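Derivation of every value follows stated rules applied to the coordinates shown; laboratory data play no part. Given the structure is predicted, the values throughout are model-derived calculations rather than measurements. In this analysis, Cβ positions are derived from the backbone assuming ideal geometry, glycine residues included, and neighbour counts consider all displayed protein chains.
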Amino acid sequence: MQTIKRAELYRLVWSEPRRVLAAKLGISDVGIAKLCRRLDIPMPPRGYWAKKAVGKPVKVVKLPRPTADESVEYSPTFLSQAELSSGHTSEIDLYPHTGIGEEVENRIAAERRPESVVKVSDDLMDAHPFVAAESKRRAPLSKEACEQCIEVSKQQHRRTLLFLDALLKALSERGFEIVALGEVRLFGVAVEFIIRERKARASERDQFTSNTSDYSGKLKFQVVGTYDRNYSWTESRIKSLESQINEIIIGLTLVAAREHESEVEWTNRCEQDRELREAPERERKLFGEHAERVAELTRMAVQWKVANDIKDFIAAMEEKQAAGTLQWQSDVPFDAWVRWAKQEAVNLDPLERPFGPVESEQGDE
C-alpha cells in the first residue's frame with residue numbers, strides 16, 4: 001500500500017501525461033483519474049499535452065483548497081517501471097483483492113509453451129464472424145474501418161484481417177469473450193485494441209519510382225487506454241506481428257487482470273469510505289435506540305410504582321370500610337368501585353401483563 005499527498009498528486013498530474021505517470025506509480029491511468037476525483041484535483045483537459053508539445057498556450061487549473069493537507073492510499077495493481085527494470089516477473093502477489101494471481105500465472109505459462117504457438121491461416125475461408133463481416137466491407141481506411149480498430153493501407157488490409165482472424169480465434173479458445181472486432185473481455189473487463197500501420201520514414205520510401213506512400217508496411221498492435229508502452233507490439237525486420245500473437249495474448253490477459261484488480265480495489269475502497277461516513281450516523285442511531293430503551297424502562301418503573309400505590313390505597317380504603325369509618329358518598333357501590341380500581345391497577349402494572357424485557361448492555365454485547 002502506497003500513500004500520496006493531495007498537493008503532490010496535483011503536481012504530478014500536471015507535470016506529465018497520466019499514462020506516463022501511471023507507469024511510474026504502478027496503477028492505471030483510470031486509477032489516477034479516480035484518485036483525482038476523490039481528492040477534488042483538477043486534471044489536464046483533452047488535448048492539453050498535444051498543445052503543450054507544439055508550444056501552444058495552455059491553461060493550468062489551480063488546485064482548489066490548496067491548504068488542505070489530505071492524502072490517499074492506493075495499492076499498485078501492476079508492475080511499476082522500477083519493478084520492470086528489476087526483473088520482477090511473478091504475478092501471484094499483484095492481485096490481493098481479486099485473488100486471480102495464480103490463474104494469471106497459469107495463463108502466462110500456458111501461453112509460452114511451444115505447443116501453444118498461434119499460427120495464421122493463409123485464407124479467410126473459415127474466418128471468425130467479426131473478421132468475415134469486416135472482409136465484406138471492402139473499405140480499408142474508411143471511417144467505418146477505423147472504428148473497427150483497423151488503420152492500415154489497402155495493401156495491408158487483407159494481411160491485417162488474417163492476423164485478427166488468428167488472434168480472435170485463439171482468444172476465444174482461451175476463454176476471452178469477443179465483443180467486437182477490436183474489443184475483448186476477460187475477468188469482466190473490456191479491453192480495446194487497434195492495429196495501425198506505421199508511417200514510413202523518408203529513407204524507407206522508394207525514391208526511384210512514383211511510390212510515395214506514407215505507409216511503411218509495418219504493423220503495430222496497441223491496447224487502447226492502457227498505462228504504458230509494454231502493451232504495444234510493433235514488428236521489425238526480424239520479428240513480424242504474426243510471430244508475437246502469443247505475447248499479445250499475454251498482454252491482453254495482464255491488462256484485463258490488472259484493470260479488474262483496480263476496479264475491485266476501488267469498489268472496496270469506496271465501500272470502506274461509505275462505512276466510515278455512515279459510522280457516526282450508526283453511532284447516533286444506536287445512542288438514540290439506547291435512549292429510547294432507557295426511557296421505556298423509566299416509564300415502566302413509574303407505572304409499576306403508581307400501580308402499587310393504587311393497590312396500597314385500595315387496601316387502606318377497604319380497611320376503613322371494614323372498620324365502618326369510611327365516609328363513602330358515591331352513587332357507585334363501594335364494592336363495584338373497588339373491583340374497577342383493582343382492575344385499573346392491574347392494567348397499569350407492567351408486571352401484570354406480558355412484555356419484552358429491556359435488553360441489558362451485557363446482552364447487547
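Annotation: extensible slack from Glu292 through Ala323 equals 6.5 nm (criterion: 0.36 nm per residue apart, minus Cα-Cα distance). Built from the Cα atoms of the stretch 1-74, the convex hull projects on average onto 4.8 nm², one quarter of its surface area.
Farthest towards the positive end of the charge dipole of the stretch 289-364, among the residues Phe313, Pro354, Val332, is the Cα of Val332, using unit charges on the Cβ of Lys, Arg, Asp and Glu.
Taking amide H atoms as placed 1.01 Å from N in the peptide plane, the amide H of Val224 lies under 5 Å from those of Glu192, Phe193, Ile194, each 5 or more residues away in sequence or on another chain. Around the amide H of Glu70, modelled in the peptide plane, lie the amide H atoms of Arg6, Ala7, all under 5 Å away and 5 or more residues distant in sequence or on another chain. With neighbours defined as other Cβ atoms within 10 Å of a residue's Cβ, the residues Val302, Val131 order from fewest to most as Val302, Val131. When the C-alpha to C-alpha distance is required to be over 30 Å, the pairs from Lys34/Lys285; Lys24/Lys59; Lys59/Lys154; Lys51/Lys199 that qualify are Lys34/Lys285; Lys59/Lys154. Under 5 Å between amide hydrogens, built in the peptide plane, is the criterion, and for Val118 it picks out Asn246 among residues at least 5 positions away or on other chains. For Ala190 and Val117, a Förster radius of 25 Å and the Cβ-Cβ distance give a FRET efficiency of 0.40, rounded to the nearest 0.05.
Shown for Thr98, Thr325, Thr267: other C-beta atoms within 10 Å of each C-beta, ranked fewest to most, produce the order Thr325, Thr267, Thr98.
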